[in-house]
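Peer 1: One structure follows; several queries about it will come next.
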Amino acid sequence: MTGANCAIRGTFFDLIDDPWKHAGHEQEAARFIQDGLLVVKYGIIEDFGPFAEVSQRHSGLQVTHLPNRLILPGFIDGHIHFPQVRVLGAYGAQLLDWLQTWIFPEELKYRDRDYAATAARYFFDALLAGGTTTCLAFTTSSPVSTEEFFEEATRRNMRVIAGLTGIDRFAPEDFLITPADFYSQSKELIARYHRQGRNLYAITPRFAVGCTAEMMDSCRRLKQEHSDCWVNTHISENPSEIRSAREHFPDCTDYTHVHEKHGLLGPKFTAGHGIWLSSDEMRRFSKAGAAIAFCPLSNLFLGSGLFRLGRAKDPEYPVRLSVGSDVGGGNAFSIVRVLEEAYKVGMCNNTMLDGSVNPRDQDLAEADRNKLSPYRAFYLATLGGANSLYLDDMLGNFDKGKEADFVVLDWMAGQAAMSWHQSLAVEGDGPETMEQAAQLLFGIMTTGDDRNVAETWVAGSRAYQKAGA
């Protein structure tokens, strides 16, 4: 780990625990320091706490003061597609038709190194402008796209996870990769990039409909030989996709069983979406230590359905969760926008949990877990996302020893009346209490976007600053 030295003074807000565990007392899961100091050495947090205390322990510091801002850990995007930058928000039908019409033709262009390199610059620029400092990303079935992704991430010193995409059916012929080539090329990429700098590698079967049993076996073999690698895929996004998976894997009882059968479901396994997972599948995810990336932007954009957040947060069988922009099915890089839509999905689920049940027959405990308070929302975007990716020992909050990635939020930026709106929560120079800070964050979440991101810092260095900020 390499990084810069800095000392940042300002108002800090982070999560130190899962707020769903503190129902009715969610403030206990958070930390708020009105006048704090973050001391960073070589990209790692060396000290953190109230300015009056921390500054006494470090004489001669050159301090950067960021007043009238809220400083949070960098956002974590648990599900995004690097090669879909240019088809962000493309008009189409539902998932499978949309893939054939827009996505596969665009991703084929990433075999060209110059095209992939140009796209990588746009991709990481957009991430940082939205306050995202870490992502779990898909590339394509061409090694060139994976190479250019990691090379650009290395130049920016960002913590990322990605890998070559395995797909050997349900795509144009020149898009497919054989299981043998996928295995050998993945081995080469793992040796070249995994744990080099801040890069981490994910074995990536795109989705079961696009993978033969032979491709899934190649993924199993890679995971057995490289147990330290992550696994990244999709699951139960769309009803027609689930029907196709049943046809292609008739010996499996459900979609989750496909991954269990091939030895992939377990720690460091993340599947995007999970909208239509049964309660039994959710329990098996929980027991296995596997994670789901909740992607409300794309779920709504493509009409895929409403994710049962409250069910995933069942205290008896909690599933590790992140939020994902799912660009380009998701139509924005902004995690703030993702949280806004996640809030709305939770509220819709509270009206009708499974699309047919009379609201009076709801499980009231699940309904309460669907509610996305600012504590819960920003937990998913920071410490919860890190936990889902098994990175919470190094990312997610301002604990000493963690990597110094953080986002600086301007609560008054955005819509024309934003500052007047936010004055309902706080008048004057800024929040004085944790509850005031949470109210400002909720205002950002429900009425803001990437315009609220004033700065993004990576490993102790400013990596993005909004014009005029």
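Peer 1: Considering only the stretch 413-438, how many residues are buried (at least 18 other Cβ atoms within 10 Å of the Cβ) and over 19 Å from Gly36 (Cβ atoms)?
Peer 2: Count: 4.
Peer 1: I've got another one for you. Identify, by number, the condition in (1) crowded, with 18+ Cβ neighbours inside 10 Å; (2) of a type in the set (A, V, I, L, M); (3) within 23 Å of the chain's Cα centre (by Cα) that Ile177 doesn't meet.
Peer 2: It fails just one condition, (3).
Peer 1: With the stretch 41-87 as the region, which strands (runs of 3 or more DSSP E) entirely inside it contain at least 1 residues that are surrounded by fewer than 23 Cβ atoms within 10 Å (Cβ to Cβ) and of a type in the set (A, V, I, L, M)?
Peer 2: 44-50, 64-73
Peer 1: Also, I was wondering about something else. Applying the selection to the stretch 110-126, what residues are closer than 10 Å to Val85 by Cβ and aliphatic (A, V, I, L, M)?
Peer 2: Residues satisfying the conditions are Ala119, Ala120, Ala126.
Peer 1: Now for a separate question. Going by what's in this entry, would Leu200 be described as out of contact with any His (no Cβ under 7 Å at 6 or more places or on another chain) and closer than 23 Å to Arg320 by Cα?
Peer 2: Spelling it out, it is not the case that Leu200 is out of contact with any His (no Cβ under 7 Å at 6 or more places or on another chain) and closer than 23 Å to Arg320 by Cα.
Peer 1: Within the stretch 211-232, can you find the residues that are of a type in the set (Val, Ile, Thr) and over 15 Å from Arg169 (Cα atoms)? Explain how you work it out, then say what you get.
Peer 2: First pass over the stretch 211-232, keeping only residues of a type in the set (Val, Ile, Thr): 212, 231.
Of everything in the stretch 211-232, just one residue is of a type in the set (Val, Ile, Thr) and over 15 Å from Arg169 (Cα atoms), namely Val231.
Peer 1: For the stretch 26-40, what are the residues that are touching a helix residue (DSSP H, G or I) at 6+ places or on another chain (Cβ under 9 Å) and part of a strand (DSSP E or B)?
Peer 2: Looking only at the stretch 26-40, we keep the residues that are touching a helix residue (DSSP H, G or I) at 6+ places or on another chain (Cβ under 9 Å), and these are 26-39.
Ala30, Arg31, Phe32, Ile33, Gln34, Asp35, Gly36, Leu37, Leu38, Val39, listed by residue number.
Peer 1: Before we move on, is Ala469 more than 22 Å from Ala30 (Cα to Cα), touching a residue at least 40 places away in the same chain (Cβ under 8 Å) and assigned to a strand (DSSP E or B)? Steps first, answer last, please.
Peer 2: On the way: more than 22 Å from Ala30 (Cα to Cα): yes; touching a residue at least 40 places away in the same chain (Cβ under 8 Å): yes; assigned to a strand (DSSP E or B): no.
No: the conditions fail for Ala469.
Peer 1: Keeping to the stretch 204-238, report how many residues are of a type outside the set (Gly, Ala, Ser), under 30 Å from Met1 (Cβ atoms) and not in a strand (DSSP E or B).
Peer 2: Quick first cut of the stretch 204-238, residues of a type outside the set (Gly, Ala, Ser) only: 204-207, 209, 211-212, 214-217, 219-226, 228-235, 237-238.
Now drop any that are not under 30 Å from Met1 (Cβ atoms), which leaves 204-205, 219, 222-226, 228-233.
Of the ones still in play, those that are also not in a strand (DSSP E or B) are 219, 222-226, 228-229.
The qualifying residues number 8.
Peer 1: Being assigned by TED's automatic domain parsing to the domain that holds Asp314, buried (at least 17 other Cβ atoms within 10 Å of the Cβ) and out of contact with any helix residue (DSSP H, G or I) (no Cβ under 7 Å at 6 or more places or on another chain) is true for just one of Gly289, Gly274. Which residue is that? Spell out the reasoning first.
Peer 2: Working: Gly289 fails: buried (at least 17 other Cβ atoms within 10 Å of the Cβ).
Of Gly289, Gly274, the one residue that is assigned by TED's automatic domain parsing to the domain that holds Asp314, buried (at least 17 other Cβ atoms within 10 Å of the Cβ) and out of contact with any helix residue (DSSP H, G or I) (no Cβ under 7 Å at 6 or more places or on another chain) is Gly274.
Peer 1: For the stretch 269-303: of the residues being small (Gly, Ala, Ser) and assigned to a helix (DSSP H, G or I), which is farthest from Cys348 (Cα to Cα)? Steps first, answer last, please.
Peer 2: Initially, the stretch 269-303 is screened for residues small (Gly, Ala, Ser), giving 271-272, 274, 278-279, 286, 288-291, 293, 298, 303.
Filter once more, keeping what is assigned to a helix (DSSP H, G or I): 279, 286, 288, 298.
Working: Ser279: 19, Ser286: 24, Ala288: 29, Ser298: 16 Å.
Filtering the stretch 269-303 for residues that are small (Gly, Ala, Ser) and assigned to a helix (DSSP H, G or I), the one farthest from Cys348 (Cα to Cα) comes out as Ala288.
Peer 1: Then there's this: If I ask for residues that are surrounded by fewer than 17 Cβ atoms within 10 Å (Cβ to Cβ) and without any contact (Cβ under 8 Å) to a residue 60 or more places away in the chain, which ones from the stretch 25-40 would you list?
Peer 2: Of all residues in the stretch 25-40, those surrounded by fewer than 17 Cβ atoms within 10 Å (Cβ to Cβ) come to 25, 27-28, 35.
His25, Glu28, Asp35 - these are the residues of the stretch 25-40 that are surrounded by fewer than 17 Cβ atoms within 10 Å (Cβ to Cβ) and without any contact (Cβ under 8 Å) to a residue 60 or more places away in the chain.
Peer 1: Within the stretch 419-461, track down each residue that is within 17 Å of Pro67 (Cα to Cα), outside any helix (DSSP H, G or I) and over 21 Å from the mean Cα position of the chain (by Cα).
Peer 2: Ser423, Val426, Glu427, Gly428, Asp429, Gly430, Pro431, Glu432, Thr433
Peer 1: Given the criterion more than 21 Å from Asn199 (Cα to Cα) and touching a residue at least 40 places away in the same chain (Cβ under 8 Å), identify the matching residue among Glu107, Glu173. It would help to see each step written out before you state the result.
Peer 2: Numbers: Glu173 fails: touching a residue at least 40 places away in the same chain (Cβ under 8 Å).
The conditions single out Glu107.
Peer 1: Scan the stretch 305-327 residue by residue and report those that are buried (at least 24 other Cβ atoms within 10 Å of the Cβ) and closer than 24 Å to Asp97 by Cβ.
Peer 2: Those that are buried (at least 24 other Cβ atoms within 10 Å of the Cβ) and closer than 24 Å to Asp97 by Cβ: Phe307, Gly324, Ser325, Asp326, Val327.
Peer 1: From the list Tyr122, Tyr91, pick out the single residue that is touching a residue at least 12 places away in the same chain (Cβ under 8 Å) and of a type in the set (Ser, Thr, Tyr).
Peer 2: Only one candidate passes the filter, namely Tyr122.
Peer 1: Hey, another quick one. Being touching a helix residue (DSSP H, G or I) at 6+ places or on another chain (Cβ under 6 Å), part of a strand (DSSP E or B), free of Cβ contacts under 8 Å to residues at least 60 places away in the same chain and at negative phi narrows it down to one residue among Tyr183, Tyr201; which is it? Before the answer, list the steps.
Peer 2: Working: Tyr183 fails: part of a strand (DSSP E or B).
Tyr201 is the lone residue from the list that is touching a helix residue (DSSP H, G or I) at 6+ places or on another chain (Cβ under 6 Å), part of a strand (DSSP E or B), free of Cβ contacts under 8 Å to residues at least 60 places away in the same chain and at negative phi.
Peer 1: Please find, among Phe301, Phe294, Phe269, the residue that is more than 20 Å from Leu383 (Cα to Cα), aromatic (Phe, Trp, Tyr) and within 18 Å of the chain's Cα centre (by Cα).
Peer 2: Being more than 20 Å from Leu383 (Cα to Cα), aromatic (Phe, Trp, Tyr) and within 18 Å of the chain's Cα centre (by Cα) holds for just one of Phe301, Phe294, Phe269, which is Phe301.
Peer 1: If you check Arg111 against the conditions, is it buried (at least 16 other Cβ atoms within 10 Å of the Cβ), at pLDDT 95 or above, touching a helix residue (DSSP H, G or I) at 6+ places or on another chain (Cβ under 8 Å) and within 30 Å of Asn331 (Cβ to Cβ)?
Peer 2: yes
The values are calculated or read from the model by the stated rules, or taken from the named source; none is laboratory data. Small disclaimer: the values here were computed from a predicted structure and weren't measured. Note: ideal-geometry Cβ built from the backbone for every residue, glycine included; neighbour counts use all protein chains shown.
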